[in-house]
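A short worksheet on the structure shown next.
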């Protein structure tokens, strides 16, 4: 006789088995992080097989620099550690109501700041077609742009673009790195 625990075990085991067989039989090109070449070859084969003559639109590939990735990882680690501290205060039985309210407000502020940083990164991407990292700390905004050129007018335009989002004066610094 099969009880519920055995039935659940068999169900989950069979699901894991099916997924692992699917993973093993997948083409190795899909498992790579940058599978654009695989997709382009498949699209070109489909275009060759079709009878209609269509013009291909040019595609732009933007790769993120290693420095931006390192800065993002560092910022995410810092934010997660701060969030963990605030969560510990919120779940603590010894903390007062005021401490819990302050921790909740700081968590909310962290989330809002991270949203602003992502919005500014997207704005720089859309307006200037550059990959950038943005870090907001109070009234200071630090921007790191992935570019070999150190263009003063571009940095000035980026500063003006960012400042247009805020009513009060922000201290914005732009740094170019590759």
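Results, tabulated for the structure shown:
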quantity	calculated
Burial ordering of 145, 24, fewest other beta-carbon atoms within 10 Å first	24, 145
Average Cα contact separation per residue, region 66-177, under 8 Å, 6 or more apart, as relative contact order %	22 percent
Pairwise FRET efficiency - residue 83 versus residue 126, Cβ, R0 = 30 Å, nearest 0.05	0.60
Modelled FRET efficiency - R0 45 Å, residue 177 with residue 23, Cβ distances, 0.05 increments	0.75
Stretch gain in nm, segment residue 149-residue 165, where the contour uses 0.36 nm per residue and the Cα spacing is subtracted	3.2 nm
Residue order, fewest to most surrounding Cβ atoms within 10 angstrom, among 13, 128, 133, 86	13, 128, 86, 133
Efficiency of FRET between residue 75 and residue 97 - r from beta-carbon atoms, R0 25 angstrom, step 0.05	0.20
Stokes-Einstein D for region 66-177, Kirkwood Rh over Cα pairs, 20 °C, 1.002 mPa s (µm²/s)	139 µm²/s
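Quick note: the coordinates plus some simple rules give every number you see, no bench work behind them. Note that this is a predicted model, so its numbers are computed, not measured. Note that each Cβ is placed from the backbone with ideal geometry, even for glycine, and that neighbours are counted across all protein chains shown.
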